[in-house]
Amino acid sequence: MSGPNVKICGLKDADHAIAAARAGADYLGFVFFRKSPRFVTPEAAGEIILDLKQAAFDEGFNMPRIVGLFVDAGEKELSEAAPLLTHFQFHGHESPERCRELGEEFGIEVIKAIPVTDASDIAEAKGYEGAADILLFDAKPPPGARPGGNGATFDWALLNAYDAETPYLVAGGLTPDNVADAVKGQGGRESFLGVDVSSGVETAPGKKDADLIKAFISAAKS
Ligand SMILES: O=C(O)c1ccccc1NCC(=O)[C@H](O)[C@H](O)COP(=O)(O)O
């Protein structure tokens, strides 16, 4: 399936992971942050991934890349999940140097979340050039909220000022209804890699919905 890449984040069961991959998701995310309603253990994620690989083999759909989400995680936490993953996604205070170090140490690509409220956040993201493989621009969470997955949007027009080469994903408050506008707003920019969603394909925090997942992927890629 062509069009921008789509990442479906916060999966907790095999049925939704398979529905997402079958519908053309390019990346699937598992949240390894204990305070999240989407938290899964590496063991649970491993079982979901096994079921997913079997379904991909049986049905002939492409196996998506597998992303693990962490917030200021230590080596032990990362090493428990790393064998399952193609990508780390960092939502904490990981510096460019730390992203580079961890990517090299584990041989895993790094997605760094950049919380955005204004143009200065886009400018600061340039510090990750050469250190992260992908940037994920997301709405800055309100004080006291989780560091991601809050269903809040930011002003996508701020991304017009992004002139670095690191490919980026747009995230934060996307839904089947607004994702086509978010894609259109990127104006075919070469570094635009795709879109990422969690809350917008749920009926409640942590409860994914297969119909919403399918509608989101179809709207993003059409
Ligand atoms: O989903 C969580 O609970 C979460 C917790 C801690 C850090 C990140 C988290 N989620 C990140 C995402 O799911 C997405 O990458 C992104 O922020 C989009 O979320 P949403 O606005 O819910 O679509």
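Here are the numbers for this structure:
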item	result
Carbon plus sulfur fraction of accessible area for the chain, probe 1.4 Å, in percent	50
Accessible solvent surface per residue of the chain, calculated while the other protein chains remain in place, 1.4 angstrom probe, Å²	45
Listed residue (F106, V6, L193) projecting farthest to the positive dipole end of the chain, Cβ model	V6
Size-normalised alpha-carbon gyration radius of the chain, reference 2.2 N^0.38 Å	0.94
Probe 1.4 Å - accessible area at E105, Å² to nearest ten	110
Heavy-atom accessible area ranking, 1.4 Å probe, most first, across H93, H16, H87	H93, H16, H87
FRET efficiency, 1/(1 + (r/R0)^6) with R0 35 Å, evaluated for E47 and S222 via beta carbons	0.60
FRET E, pair R34, D155, Förster distance 25 Å, beta-carbon r, rounded to 0.05	0.20
Calculated FRET efficiency for the pair D118/R189, C-beta based, R₀ 25 Å, to 0.05	0.80
The chain - mean residue ellipticity at 222 nm from DSSP helices (-39,500 (n - 2.57) per run, n ≥ 4, rounded to 500)	-9500 deg cm²/dmol
S2 - accessible surface, heavy atoms, 1.4 Å probe, Å² rounded to 10	90
Percent antiparallel among DSSP beta bridges (both partners in the chain, rounded to 5)	5
Most mobile listed residue (K76, K12, K126) in the chain, GNM with C-alpha springs under 10 Å	K76
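The values are calculated or read from the model by the stated rules, or taken from the named source; none is laboratory data. Owing to the predicted nature of the structure, the values given are computational and were not obtained by experimental measurement. Cβ atoms come from the backbone with ideal geometry, glycine included; neighbour counts cover every protein chain shown. Quick note on the areas: whole protein, heavy atoms, side chains included, nothing else; ligands and nucleic acids left out. Shrake-Rupley method; radii C 1.70, N 1.55, O 1.52, S 1.80 Å.
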